[in-house]
């Protein structure tokens with residue numbers, strides 16, 4: 001949420017899914033704010049980018065990854081609620097008239113929606129090829145994020161303003177569209193001359209890539225890489241060489257990372273949704289899974305104390321790292337073993353502090369919020385090489401991914417970390433020299449790769465980590481007889497939400513405040529009216 005990113009909003013919400021048309025007599029009486037009233041594309045891009053994290057505008061607020069991330073983060077056990085009976089800790093889906101877990105849907109169809117279409121259209125008219133390429137790049141990313149959250153979505157009829165109801169398309173079709181849009185994005189990003197210029201692109205791109213077209217190209221290649229890496233269960237549709245190829249063209253250093261920024265000035269809309277200023281995460285506490293993973297308790301890294309813990313999670317009064325299991329409240333931890341909240345307050349405190357001086361990492365008022373990083377791309381290569389049976393390159397990429405994450409934390413997230421625990425190059429090198437962390441080629445496992453990727457994307461890699469865990473079916477899939485996500489235990493039995501029928505969560509339902517009001521027949525066809533629809537496995541993860 002950036003003040004500058006919300007200075008202009010083009011869309012307005014209507015009673016249909018995608019800016020459905022009003023009755024003709026209303027159109028005749030009032031000027032439609034979504035009609036062809038041309039605006040400078042430089043004013044459209046800021047709010048389009050804002051929707052990638054969290055939007056804040058009169059026509060649509062709190063759309064984007066961060067809002068839904070509060071709940072997805074529970075599914076992957078980044079965090080849990082400090083009390084019992086939370087339905088999302090229990091892998092429940094949205095119920096009743098709730099729009100929870102509908103923010104990514106709203107981001108794609110409303111917040112970006114026609115704004116992005118117009119930016120592309122007017123960018124072509126004005127020969128601002130860089131803006132056109134950025135528009136297609138964001139749309140490719142958004143489609144992938146959307147379908148990985150909801151499964152089948154409205155693709156072919158999307159943004160058709162002559163319709164009030166819409167048909168859904170299969171996820172495989174959406175993946176094909178993602179790759180098509182990546183090709184189109186690159187074709188425009190490669191165009192120079194006319195009215196394309198770094199200085200002008202930077203006007204709309206101030207809080208993402210600063211007008212750097214090469215960074216946007218790497219972002220597109222990263223979307224490509226994700227789209228291939230997600231399909232490990234799809235047999236003939238899985239191409240590990242393609243995941244390797246495109247990840248090599250994507251971010252290779254932290255200078256290439258796609259990072260969203262917040263201005264941290266003015267009103268609410270300039271601060272992160274996770275900020276103490278916003279007060280939205282006061283009940284969240286780190287889980288036992290992440291705390292054990294970083295403190296030498298997890299069986300994959302038994303005895304290894306990870307120095308990154310002081311950066312990304314919170315210590316307790318004893319100066320150690322412990323966490324809670326979902327639906328367990330304090331989980332029987334003594335007061336001195338209970339972790340601080342993410343703003344540096346006591347476990348029992350849910351109130352937001354007046355400042356973010358004690359917050360760390362992505363939990364500050366105006367953090368650098370990663371969208372895609374070089375470390376993630378390295379782990380995509382590591383997994384893909386491993387799948388190919390090439391452990392030499394898998395190990396090299398695995399080590400690279402860890403090192404890049406260390407470097408990113410040291411450079412960008414050392415503020416408010418206790419002085420005694422500030423990391424440097426020697427800290428990184430010592431960690432990488434530990435054979436319990438970086439084993440021999442023969443001893444490298446998928447568990448090593450996926451758990452270190454989990455750590456590197458902790459807190460911000462919300463949908464991607466959820467994709468990874470669903471690809472490996474939470475705790476069901478094994479590598480050499482070992483769980484891929486070692487020691488990860490999803491809720492079971494009475495700890496699962498009753499509507500789940502003893503099944504784990506696989507998707508979010510479509511946004512209530514459009515689909516369940518106006519698109520009911522299509523939802524019936526999908527089975528989306530069933531109480532356990534959120535447990536229906538998605539195409540990408542089905543073997």
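The values are calculated or read from the model by the stated rules, or taken from the named source; none is laboratory data. Every value quoted in this text rests on a predicted model; they were computed, and no experiment measured them. No Cβ is skipped: glycine too gets one built from the backbone with ideal geometry, and neighbour counts run over all protein chains shown.
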The range 414-434, residues that are within 17 Å of residue 403 (Cβ to Cβ) and outside any loop (DSSP other than H, G, I, E, B): 425, 426, 427, 428, 429, 430, 431, 432
Pair list, Cβ under 8 Å, 6 or more apart: the range 173-191 residue free of Cβ contacts under 8 Å to residues at least 40 places away in the same chain, other residue outside any helix (DSSP H, G or I) and crowded, with 19+ Cβ neighbours inside 10 Å: 173/155; 174/153; 174/155; 177/155
Residue match in the range 127-146 (condition: surrounded by fewer than 19 Cβ atoms within 10 Å (Cβ to Cβ) and either touching a residue at least 12 places away in the same chain (Cβ under 8 Å) or within 21 Å of the chain's Cα centre (by Cα) (or both)): yes
The one condition in (1) over 25 Å from the mean Cα position of the chain (by Cα); (2) surrounded by fewer than 16 Cβ atoms within 10 Å (Cβ to Cβ); (3) under 28 Å from residue 370 (Cβ atoms) that residue 162 fails to fulfil: (3)
Which numbered condition residue 152 fails, given (1) under 26 Å from residue 260 (Cβ atoms); (2) crowded, with 20+ Cβ neighbours inside 10 Å; (3) under 21 Å from the mean Cα position of the chain (by Cα): (1)
Count - residues of the range 453-481 that are closer than 14 Å to residue 504 by Cβ and touching a strand residue (DSSP E or B) at 6+ places or on another chain (Cβ under 7 Å): 1
Whichever residue in the range 359-375 is part of a helix (DSSP H, G or I) and touching a helix residue (DSSP H, G or I) at 6+ places or on another chain (Cβ under 7 Å) and, among such residues, is nearest to residue 397 (Cα to Cα): 375
Condition met for residue 299 (within 26 Å of the chain's Cα centre (by Cα) and surrounded by fewer than 21 Cβ atoms within 10 Å (Cβ to Cβ)): no
One residue from 328, 322 being part of a loop (DSSP other than H, G, I, E, B), at pLDDT 95 or above, more than 27 Å from residue 50 (Cβ to Cβ) and in contact with a strand residue (DSSP E or B) (Cβ under 8 Å, 6 or more places away or on another chain): 328
Residue ID - nearest to residue 362 (Cα to Cα), chosen from residues in the range 35-50 that are assigned to a loop (DSSP other than H, G, I, E, B) and modelled with pLDDT under 95: 39
Neighbours by Cβ (under 6 Å, 6+ apart or cross-chain): first from the range 361-381, at positive phi and touching a residue at least 24 places away in the same chain (Cβ under 8 Å); second surrounded by fewer than 24 Cβ atoms within 10 Å (Cβ to Cβ) and in a loop (DSSP other than H, G, I, E, B): 361/413
Residues within the range 89-136 that are under 30 Å from residue 331 (Cβ atoms) and in contact with a strand residue (DSSP E or B) (Cβ under 8 Å, 6 or more places away or on another chain), tallied: 1
Check on residue 363, more than 17 Å from residue 418 (Cα to Cα), crowded, with 22+ Cβ neighbours inside 10 Å and out of contact with any strand residue (DSSP E or B) (no Cβ under 9 Å at 6 or more places or on another chain): no
Test: residue in the range 416-435 that is over 21 Å from residue 506 (Cβ atoms) and crowded, with 22+ Cβ neighbours inside 10 Å: no
Qualifying helices (runs of 4 or more DSSP H) (wholly inside the range 63-173; at least 3 residues being modelled with pLDDT of 95 or more, closer than 24 Å to residue 530 by Cα and in contact with a helix residue (DSSP H, G or I) (Cβ under 7 Å, 6 or more places away or on another chain)): 65-75, 103-106, 129-150
Set 356, 407: member being part of a helix (DSSP H, G or I), within 15 Å of residue 311 (Cα to Cα), touching a helix residue (DSSP H, G or I) at 6+ places or on another chain (Cβ under 9 Å) and touching a residue at least 60 places away in the same chain (Cβ under 8 Å): 407
Residue 206, sole failed condition from (1) surrounded by fewer than 23 Cβ atoms within 10 Å (Cβ to Cβ); (2) under 15 Å from residue 374 (Cα atoms): (2)
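One line per residue, one yes/no per condition, for (1) crowded, with 18+ Cβ neighbours inside 10 Å; (2) more than 19 Å from residue 409 (Cβ to Cβ); (3) within 22 Å of the chain's Cα centre (by Cα):
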residue: 259; (1), (2), (3): yes, no, yes
residue: 262; (1), (2), (3): yes, no, yes
residue: 268; (1), (2), (3): no, yes, yes
residue: 274; (1), (2), (3): yes, no, yes
residue: 295; (1), (2), (3): yes, no, no
residue: 309; (1), (2), (3): yes, no, yes
residue: 334; (1), (2), (3): no, yes, no
